[in-house]
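**Student:** One structure coming up, written as structure tokens, with questions to follow.
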Amino acid sequence: MAVKEFRRRYILFEVEAPRVLERWELIKALQRRASQMGFDNYEEGRPWLTAFNDNRGILRCSHTDKDKAIELLTSITEVGEDDELKVVVRTLKTSGTIKKVKESMPPADEESTEPAIEDSTEPAIEEPTEEN
């Protein structure tokens, strides 16, 4: 059996910030730090923000760059247009499957039992069901 050269890793992380961040703010901060750390040279193995909601997210990377991707996440200390917002990024879990990362994701708030990040393959509008 042949071994794949590119295996994905999914890193669950949480951002501690004074307010809820927008996805684009985190993406800009990731892009800035990634170019400084040399991730620009990779096409397939480049870190990718798979999901982000309520200051929790999932970053996808290659198995060989997992440690570098964790370093990238934890090195982000400022976000925003002028880097005006101070933040702390904590990694919570790393897995080879996105399903396991989503299962271990803490709920967005204590009252909710639903995961903070939903599967993007589900329809946004549910079909009505017949009730007799």
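**Student:** Determine if region 36-59 includes at least one residue that is at pLDDT 90 or above, surrounded by 12 or more Cβ atoms within 10 Å (Cβ to Cβ) and in a helix (DSSP H, G or I).
**Tutor:** Scanning region 36-59 turns up no residue that is at pLDDT 90 or above, surrounded by 12 or more Cβ atoms within 10 Å (Cβ to Cβ) and in a helix (DSSP H, G or I).
**Student:** Further question on the same structure: Just give me the residues in region 75-88 being more than 15 Å from residue 34 (Cα to Cα), surrounded by 12 or more Cβ atoms within 10 Å (Cβ to Cβ) and among the aliphatic types (A, V, I, L, M), in sequence order.
**Tutor:** Of everything in region 75-88, those that are more than 15 Å from residue 34 (Cα to Cα), surrounded by 12 or more Cβ atoms within 10 Å (Cβ to Cβ) and among the aliphatic types (A, V, I, L, M) turn out to be 85, 87.
**Student:** Could you look through region 7-24, keep only residues that are among the acidic types (Asp, Glu) and within 13 Å of the chain's Cα centre (by Cα), and pick out the one that is surrounded by the fewest Cβ atoms within 10 Å (Cβ to Cβ)?
**Tutor:** If we filter region 7-24 for residues that are among the acidic types (Asp, Glu), which is where we start, we get 14, 16, 22.
Filter once more, keeping what is within 13 Å of the chain's Cα centre (by Cα): 14, 22.
Numbers: 14: 17, 22: 12.
It comes out as 22.
**Student:** Then there is this: I need every pair where a residue in region 71-86 that is under 17 Å from residue 24 (Cβ atoms) and part of a loop (DSSP other than H, G, I, E, B) has its Cβ under 6 Å from the Cβ of a residue that is modelled with pLDDT of 95 or more and of a type in the set (A, V, I, L, M, F, W, C), sequence separation at least 6 or different chains.
**Tutor:** The qualifying pairs are 76/89.
The values are calculated or read from the model by the stated rules, or taken from the named source; none is laboratory data. Fair warning: this is a prediction, and the values are worked out from it, not measured in the lab. All Cβ positions, glycine included, derive from the backbone under ideal geometry; neighbour counts span all protein chains shown.
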